[in-house]
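A.B. asks: Pasting in a structure now, in C-alpha cells, and then I'll have a few things to ask.
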Amino acid sequence: MLINFQNLRACLRRRHSTLLPIVLWAGVMLTVFPAFGQGSLPERPDPAAIAAHVREALARDRVPGASVAVIWEDEVLLLDGFGMDGDDQPVTPDTGFRLGSMSKAFTALAVMRAVEAGVLSLDATVQSVLTDFTLADPEAAGQITLRQLLAQTSGIPRTAPRGAVDAPLAAHVAALARAEPAARPGERHIYASPNYLVAARMLEVAEGRPFADLLRDTALIPLGLTDTHVAAADGHLAPGHRYWFGFPFPAELPEEPGRLATASLISSAADMARFLRFQLGEGSWEGQRLLSPAAMAEMHQGTVEGDGFRYAMGWRDGRIAGTRALHHGGILPDFRGKMILLPDLGAAVVVLTNASTLMPLPAQPTSHLLADEIAGYLAGEPLASGTLSFGTVVLAVWAGLALLLASQVRSLWSRPSETVGARRRLSGPILDLAVAASLVAGPPLLIGLSWPDLWAGSPDLVIWSGLMVCLVSGFGVLELWRFFSQRRNDQKSVSK
C-alpha cells in the first residue's frame, strides 16, 4: 500500500486530527498482514497437493509404504496408497496395517454399546464383573471403575506386567496382580495400555463371549469394515518394517491375540475412512443407530488432563491449528499411524505407515507428523513440512552414537599415566562400571519397555547398547586389573 506523505504531513499539522491514528494503524496492518482478508488457501483442500506432500515425506524419511484417507465435509477427499508393502507389493487403500493404540477407539465403541444396552455400567467397579481382578495393592484394585479404565485414570502403571506374546486376554489381565499402582484410582491420567485390556475383559465376561467376536459384531460388521480383522489369518497383512540404523527392513513379528483391544487390530485406509466418518456423526451409520448422540459426545469428551490434551475414551481431545481435534496414534515395532477428527469442520485424516522403531527420538514419527500437517491444512494452514524430519533426526542420532562407540574403542588403546594419583586412576574405571550399569538399567526405566520389547522394536539400539556395555565395563575391569597389578608390583619393589 502506498501512503501519500503530503496528505500525511497535512494531517500532522492539524493539532486535533483524529485521522492520523487510523491512517498509521491501517498502514501498519497492511504492511504486516498484506494478505489479510484475502484467504491464501482454497476453501476446498487440494487432494493432489496432499498426495504430493505425502510422497515427499515418505521419500525423505525412508518409509517404504503408507496409506492415507482424508475426509472433508463427510466426503472422502483423498484415499490412496503409496510405496510398497513388506512383500514388495504396491500399497493400496485396501492394504492391511496394524493399528497399534488406535485399536482403543474401536474398543471404546464396543464398550459404550454394551453400556447403552445395559450390559455394563461406566461407574461399576472392575471387581463387580471380574471378581478375581486384583493388583499388588488389593484395596486400590477394588476401587477402579470402568470409566477410569477408559479415561486411563485407574492408576495402573504404564510398565505393568503382562502375559506372554501369544497369551489370551485373560492371562494379560491376570498378570496385573503383580502391578504396583502408580497413583490412586481417579487421581490422574496415566497412559497405560492394560486399562483397555481390563475393559475388554469386563465386556468379555459380562457378555459371555470372546472379545474378538464381540468386536466384530458390535463395531466391525455394523460399520461394514470388511478389511478390518482381529487376526492376520483373517485377511492379508504384509510384514511391516523395523528401522536398523535409520534404514527400514521387513520384519514379521508374532501375533498378539490377547492385546487386540489395545494394539493388535488390523485395518486399511479405506475402512478407516468409514470409521472416521462414523465418528464425525451422531451415532448412526447407514440408517442403523449404533450409539445415541449423548453417548457419542461422552465418548469424545476429554475429562482428564494429559500432555497437551484431555483424554476422552480412546481419543485425545485437543486442538490443531486453533480448531478442536480428537486424535490418537498407534506405535508398534513394525507399524505406525495416527488418526485425527476435526469435528467442527466435518473433516478427518488417517495416515498408516509400515515402518517403525521404538527408539526414543526428539522428533515425531512420519505418520504422526503427516497427520498433524494434513489436519492443519484442512483447518486453513499452509501445507508445509516441519523443520525437523524424522529421517534426519534418526541419522543424526546414529551418527552421534557411532562417535560414542568409536571413542570408547579408541580408549581401549589409551592408558592413564602411572604418575597420576591413585584416587584419579580409580575414579575412571569406577565411573566406567557405573555407566555400564546405567546402560543396562536406564533404557527400560526411561522408555518404559523391557529389553525383550526393545529387541522387538529397536534391535539396532539393543545391539549398540550391548556393545557399549561390553566395551565400557571391559575397559573398567581392565583398568582396575592394571591398577591393582601395579600396586602389587610396587609393594613387592618396596619390600625388596
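The values are calculated or read from the model by the stated rules, or taken from the named source; none is laboratory data. Owing to the predicted nature of the structure, the values given are computational and were not obtained by experimental measurement. Please note: Cβ atoms are built from the backbone with ideal geometry, for glycine as well, and neighbour counts cover all protein chains shown.
A.B. asks: Residues in the range 202-215: is at least one in contact with a Leu (Cβ under 9 Å, 6 or more places away or on another chain), assigned to a helix (DSSP H, G or I) and either outside the structural domain of Val126 (by TED's automatic domain parsing) or among the charged types (D, E, K, R) (or both)?
C.D. replies: Yes, because at least one residue in the range 202-215 is in contact with a Leu (Cβ under 9 Å, 6 or more places away or on another chain), assigned to a helix (DSSP H, G or I) and either outside the structural domain of Val126 (by TED's automatic domain parsing) or among the charged types (D, E, K, R) (or both).
A.B. asks: Yes or no: the range 306-318 includes at least one residue that is of a type in the set (D, E, K, R), modelled with pLDDT of 95 or more, over 21 Å from the mean Cα position of the chain (by Cα) and over 21 Å from Pro93 (Cα atoms). I'd like the intermediate steps shown before the answer.
C.D. replies: Step one: list which residues in the range 306-318 are of a type in the set (D, E, K, R), which gives 307, 310, 316-317.
Imposing the further condition that a residue be modelled with pLDDT of 95 or more reduces the set to 310, 316-317.
Okay, now just the ones that are also over 21 Å from the mean Cα position of the chain (by Cα), so none.
The answer is no; no qualifying residue exists.
A.B. asks: Taking the residues in the range 287-305 that are in a loop (DSSP other than H, G, I, E, B) and at pLDDT 95 or above as candidates, determine which candidate is surrounded by the most Cβ atoms within 10 Å (Cβ to Cβ). Lay out the reasoning, then the answer.
C.D. replies: Quick first cut of the range 287-305, residues in a loop (DSSP other than H, G, I, E, B) only: 287, 290-292, 301-303.
Checking the rest, the ones that are also at pLDDT 95 or above come to 290-292, 301-302.
On the way: Leu290: 19, Leu291: 21, Ser292: 14, Gln301: 13, Gly302: 19.
By that ranking, first place goes to Leu291.
A.B. asks: Then there's this: Considering each of Thr31, Thr92 in turn, give the residue that is more than 21 Å from Ile331 (Cβ to Cβ) and at pLDDT 95 or above.
C.D. replies: Numbers: Thr31 fails: at pLDDT 95 or above.
Result of the check over Thr31, Thr92: Thr92.
A.B. asks: Can you list the helices (runs of 4 or more DSSP H) found entirely within the range 76-193 that contain at least 2 residues being under 29 Å from Glu298 (Cα atoms) and out of contact with any helix residue (DSSP H, G or I) (no Cβ under 9 Å at 6 or more places or on another chain)?
C.D. replies: Values: elements: 103-116, 138-141, 146-151, 169-174.
Correct list: 138-141.
A.B. asks: Condition first: aliphatic (A, V, I, L, M), touching a Ser or Thr at 6+ places or on another chain (Cβ under 8 Å) and either loosely packed, with under 12 Cβ neighbours inside 10 Å or modelled with pLDDT of 75 or more (or both). Can you find one or more residues in the range 379-388 that meet it?
C.D. replies: Of the range 379-388, the ones aliphatic (A, V, I, L, M) are 379, 383-384, 388.
Still in the list and also touching a Ser or Thr at 6+ places or on another chain (Cβ under 8 Å): 379.
Still in the running and either loosely packed, with under 12 Cβ neighbours inside 10 Å or modelled with pLDDT of 75 or more (or both): 379.
Yes, some residue in the range 379-388 is aliphatic (A, V, I, L, M), touching a Ser or Thr at 6+ places or on another chain (Cβ under 8 Å) and either loosely packed, with under 12 Cβ neighbours inside 10 Å or modelled with pLDDT of 75 or more (or both).
A.B. asks: Can you pull out every residue in the range 226-271 that is within 28 Å of Tyr191 (Cβ to Cβ) and either in a helix (DSSP H, G or I) or not assigned by TED's automatic domain parsing to the domain that holds Asp87 (or both)?
C.D. replies: Ala232, Pro257, Gly258, Arg259, Leu260, Ala261, Thr262, Ala263, Ser264, Ala269, Asp271
A.B. asks: Can you give me the number of residues within the range 140-169 that are more than 23 Å from the chain's Cα centre (by Cα) and without any contact (Cβ under 8 Å) to a residue 60 or more places away in the chain?
C.D. replies: So the count comes out to 7.
A.B. asks: Would you point out which residue out of Gly318, Gly329 is touching a residue at least 60 places away in the same chain (Cβ under 8 Å), in a strand (DSSP E or B) and buried (at least 16 other Cβ atoms within 10 Å of the Cβ)? So that I can check it myself, show each step before the final result.
C.D. replies: Details: Gly318 fails: touching a residue at least 60 places away in the same chain (Cβ under 8 Å).
Sole residue among the options that is touching a residue at least 60 places away in the same chain (Cβ under 8 Å), in a strand (DSSP E or B) and buried (at least 16 other Cβ atoms within 10 Å of the Cβ): Gly329.
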